[in-house]
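Input: a single structure, listed below in structure tokens.
The values are calculated or read from the model by the stated rules, or taken from the named source; none is laboratory data. Owing to the predicted nature of the structure, the values given are computational and were not obtained by experimental measurement. For neighbour counting, all protein chains shown are included, and Cβ atoms are generated from backbone atoms with ideal geometry for every residue, glycine included.
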């Protein structure tokens, strides 16, 4: 009886984490004006506040995410499959915006530091997000490697959840072909119009949870990835969660800071033959 009760509680808790808006308005099909090339306006290894404090022109503000309507959660769960072949069509900046929001978007702003926050945990990064995070320490860094996104130049960008914006990041020469090579020649990465890379700074969690930090970081990465993949399916895209790659090669290809570890690569695109 107790086991059944606990199972029910866990289902409700995870259900709440994944009850994200799985649809978008017609904005996803629009083609915004193109933005400038990504530049070294904020170091990828700096905490989120560094990017927030950058000049307005250094950020690419994303279209507001849709938070109403859309595909029912159960339908997205039922339909989700790993897709490794894409038709080469570009996707919109609005779609990228929705995907990033589903993974790490702020769902409950909280700009003031909570009274219970311990300064030894680092700076408060503000708000609660779409994916659960142990102690609200938010160790994840999400990168966008854009190859064919309407309204966004090719290049590598870092997502800033508190601003719902992108900043140029990492290696200027980063590209999908090189990332595919770092992932043992998995060509779905090279074919996709965009690849989302999830990285993590373990130290952000270790300051509070010590040796259990890796466990909590990996739980959060899985939750964020599932949110993103369910959202992608609801928008008609195909995705696959890739964990087979050479960590050092991926870090070098993207120019990740030394304190960040790549955890997963998620190519996103229109499924071929659909």
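In this structure, is residue 230 touching a helix residue (DSSP H, G or I) at 6+ places or on another chain (Cβ under 9 Å), at negative phi and modelled with pLDDT of 95 or more? Yes. Checked across the range 142-163, the condition of being farther than 28 Å from residue 212 by Cα and in a helix (DSSP H, G or I) holds for at least one residue. Is it true that residue 268 is in a helix (DSSP H, G or I) and touching a helix residue (DSSP H, G or I) at 6+ places or on another chain (Cβ under 7 Å)? So residue 268 does not fit the description; no. For the range 214-263, a tally of residues being under 25 Å from residue 121 (Cα atoms) and either touching a residue at least 40 places away in the same chain (Cβ under 8 Å) or assigned to a strand (DSSP E or B) (or both) returns 17. In summary, residue 125 fulfils each of the numbered conditions (1) in a loop (DSSP other than H, G, I, E, B); (2) in contact with a strand residue (DSSP E or B) (Cβ under 8 Å, 6 or more places away or on another chain) with the single exception of condition (2).
Filtering 72, 90 for residues that are out of contact with any helix residue (DSSP H, G or I) (no Cβ under 6 Å at 6 or more places or on another chain) and farther than 30 Å from residue 180 by Cβ leaves a single hit, 72. Of all residues in the range 111-152, those being without any contact (Cβ under 8 Å) to a residue 24 or more places away in the chain and exposed (fewer than 14 other Cβ atoms within 10 Å of the Cβ) number 7. Taken over the range 181-202, the criterion of being part of a helix (DSSP H, G or I), under 19 Å from residue 225 (Cα atoms) and in contact with a helix residue (DSSP H, G or I) (Cβ under 6 Å, 6 or more places away or on another chain) is satisfied by 189 alone.
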